[in-house]
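The values are calculated or read from the model by the stated rules, or taken from the named source; none is laboratory data. Bear in mind that the values here come from a model prediction, so they are computed numbers and not experimental data. Glycine also receives a Cβ, built like all others from the backbone with ideal geometry; neighbour counts cover every protein chain displayed.
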Amino acid sequence: MIVQADFLNRLKDFGLNSYEAKLWTALLSRGVATAGELSDIANVPRSRSYDVLESLEKKGFVVMKLGKPIKYIAVPPSEVIERVKKSILDDAEKQSKILEDLGNSEVLDELTDLHKKGINHVDPADLTGAVKGSTNLYSHLGSAVKNAEKSVLILTTGAGLARKSILLKNALNKAKAKGVKIRIAAPITKNNKSAQKALSACGQVKKVDSVKARFCVIDGRSVVLMAMDDSKTHKNYDFGVWVNTEFFAKAFENIFNMLWGRK
């Protein structure tokens with residue numbers, strides 16, 4: 001039996017390797033067969049066929065029929081999908097429980113303490129990096145905002161204000177719940193009035209038209225700079241730089257405060 005290579009590759013979605021895919025499709029074409037017959041049909045070495053069929057049996061793809069010689073029966077593909085789905089969900093639930101228990105254990109406290117102490121010995125240059133793409137930028141910003149302890153200062157564009165009302169609102173709400181002071185400066189227009197209203201529930205939002213820039217300062221210790229003009233750049237090509245040094249962050253904090261104080 002000849003099965004196209006691209007078809008076999010698609011069976012990896014079932015969690016099968018090459019030999020498993022070949023033997024399973026061979027068995028599906030026969031319904032019932034011995035290991036030797038399947039080995040010949042699928043062009044899989046006989047020395048491997050028994051191990052592979054045993055693996056398929058454990059995964060729920062085949063059923064072994066007792067007798068001499070031992071034969072294998074194919075499980076219908078529709079039933080296999082349900083079995084695979086259940087197995088994935090069960091594994092995900094187990095992993096989620098493990099991570100949840102880890103998050104409430106002393107291990108996490110020890111790892112966090114180790115990380116905080118280690119940061120003191122890191123060269124500031126190692127705490128600087130680049131983030132490419134709007135999705136990655138907002139993921140980084142969201143994490144930074146959620147971990148803020150005292151203040152979050154955001155200077156953005158009109159379009160940026162609208163995006164942040166959607167993509168950063170949850171992170172800003174979590175920061176606010178911890179008592180973090182949030183201030184957001186941006187041009188306010190009729191197109192982003194609803195965004196201004198939504199973000200006002202998280203902190204202060206002020207109209208600032210004098211400077212077109214995009215940055216976020218966290219606790220006066222770190223800053224994320226968006227280097228591109230979002231009105232002229234596709235979101236996939238957006239680009240930002242984050243710097244975790246107090247000297248650099250304070251400079252941008254001072255710029256923000258000067259803009260905020262203007263009337």
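Figures for the structure shown
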{"read-out": "Residue, modelled with the highest pLDDT, within the stretch 212-222, restricted to residues that are charged (D, E, K, R) and within 17 Å of A186 (Cα to Cα)", "value": "R214"}
{"read-out": "Qualifying residue in the stretch 50-71 (condition: out of contact with any Asp or Glu (no Cβ under 6 Å at 6 or more places or on another chain), closer than 19 Å to S87 by Cβ, without any contact (Cβ under 8 Å) to a residue 24 or more places away in the chain and outside any helix (DSSP H, G or I))", "value": "yes"}
{"read-out": "Among the candidates S143, S165, S151, residue that is hydroxyl-bearing (S, T, Y), surrounded by fewer than 19 Cβ atoms within 10 Å (Cβ to Cβ) and over 18 Å from the mean Cα position of the chain (by Cα)", "value": "S151"}
{"read-out": "Conditions (1) within 20 Å of K176 (Cβ to Cβ); (2) touching a residue at least 24 places away in the same chain (Cβ under 8 Å); number of the one not met by K197", "value": "(2)"}
{"read-out": "Counted residues, the stretch 228-250 - those being surrounded by 14 or more Cβ atoms within 10 Å (Cβ to Cβ) and in a loop (DSSP other than H, G, I, E, B)", "value": "6"}
{"read-out": "Test for Y50: is it buried (at least 17 other Cβ atoms within 10 Å of the Cβ), more than 30 Å from N147 (Cα to Cα) and either modelled with pLDDT of 85 or more or not assigned by TED's automatic domain parsing to the domain that holds N147 (or both)", "value": "no"}
{"read-out": "Unique residue being part of a loop (DSSP other than H, G, I, E, B), aliphatic (A, V, I, L, M) and touching a residue at least 60 places away in the same chain (Cβ under 8 Å) when the list is A144, A159, A148", "value": "A148"}
{"read-out": "Checking L225 against (1) of a type outside the set (V, I, T); (2) more than 20 Å from V180 (Cβ to Cβ); (3) surrounded by 13 or more Cβ atoms within 10 Å (Cβ to Cβ); (4) at pLDDT below 90, the condition it does not meet", "value": "(4)"}
{"read-out": "Cβ pairs under 8 Å, 6+ apart, first in the stretch 85-108 and under 19 Å from G60 (Cα atoms) and not assigned by TED's automatic domain parsing to the domain that holds L16, second of a type in the set (K, R) and modelled with pLDDT of 80 or more", "value": "S87/K59"}
{"read-out": "Pair list, Cβ under 7 Å, 6 or more apart: the stretch 224-235 residue in the same structural domain as K212 (by TED's automatic domain parsing), other residue among the aliphatic types (A, V, I, L, M) and surrounded by fewer than 16 Cβ atoms within 10 Å (Cβ to Cβ)", "value": "L225/V241; A227/V241"}
{"read-out": "Residue that is farthest from L161 (Cα to Cα), among those in the stretch 213-223 that are without any contact (Cβ under 8 Å) to a residue 60 or more places away in the chain and of a type outside the set (D, E, K, R)", "value": "V223"}
